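Some notes on the structure that comes next.
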Amino acid sequence: MCYTALVDEFEIKLIYNIIFVCLYYYIITMNEKFQLLGLPIPEQIVDYPKELQQSIYDYLGQLGDYERKAYVIAKEHLGTSFNIVRSTGYIEWKNNKK
């Protein structure tokens, strides 16, 4: 009986460790992707689902020089009230992508 309890505890710890490593790898990978863009990234992006984060990354990655400058200016002037998901550029891009 004691052996079974140890196995169960070991299995639970193993599952938690696997989940932690997977989440850690995903978070690091996504953050690194955004850093490679060289653009300021809204703080709330970490709260978005994985698919939405990827969509935002794809959108920002395809911006041209003029659009990048406009994005940076909007982000700086609006500060924390800036929401890329509600921005006209992102909405139009997403609608055209469908």
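Values in this text are rule-based calculations from the coordinates and carry no lab data. Just so it is clear, the structure is predicted and the values come from calculations on it, not from any experiment. Cβ coordinates were reconstructed from backbone atoms using ideal geometry, including for glycine residues, and neighbour counts include every protein chain displayed.
If you go through region 84-98, how many residues are assigned to a loop (DSSP other than H, G, I, E, B) and either of a type in the set (Phe, Trp, Tyr) or surrounded by 10 or more Cβ atoms within 10 Å (Cβ to Cβ) (or both)?
Counting residues in region 84-98 that are assigned to a loop (DSSP other than H, G, I, E, B) and either of a type in the set (Phe, Trp, Tyr) or surrounded by 10 or more Cβ atoms within 10 Å (Cβ to Cβ) (or both) gives 1.
Filter region 56-83 for residues that are surrounded by fewer than 11 Cβ atoms within 10 Å (Cβ to Cβ) and hydroxyl-bearing (Ser, Thr, Tyr); which is farthest from residue 22 (Cα to Cα)?
It comes out as 66.
Evaluate region 44-55: report whether one residue or more is surrounded by 11 or more Cβ atoms within 10 Å (Cβ to Cβ) and either among the charged types (D, E, K, R) or in contact (Cβ under 8 Å) with a residue 40 or more places away in the chain (or both).
No; the residues of region 44-55 include none that is surrounded by 11 or more Cβ atoms within 10 Å (Cβ to Cβ) and either among the charged types (D, E, K, R) or in contact (Cβ under 8 Å) with a residue 40 or more places away in the chain (or both).
Kindly list, by first and then second residue, each pair from a residue in region 76-88 that is more than 18 Å from residue 54 (Cα to Cα) to a residue that is part of a helix (DSSP H, G or I) and hydrophobic (A, V, I, L, M, F, W, C), limited to pairs with Cβ atoms under 7 Å and residues at least 6 apart or on different chains.
These pairs meet every condition: 82/74.
With the requirement that a residue be of a type in the set (A, V, I, L, M, F, W, C), out of contact with any Phe, Trp or Tyr (no Cβ under 9 Å at 6 or more places or on another chain) and within 18 Å of residue 98 (Cα to Cα), what does region 44-87 give you?
52
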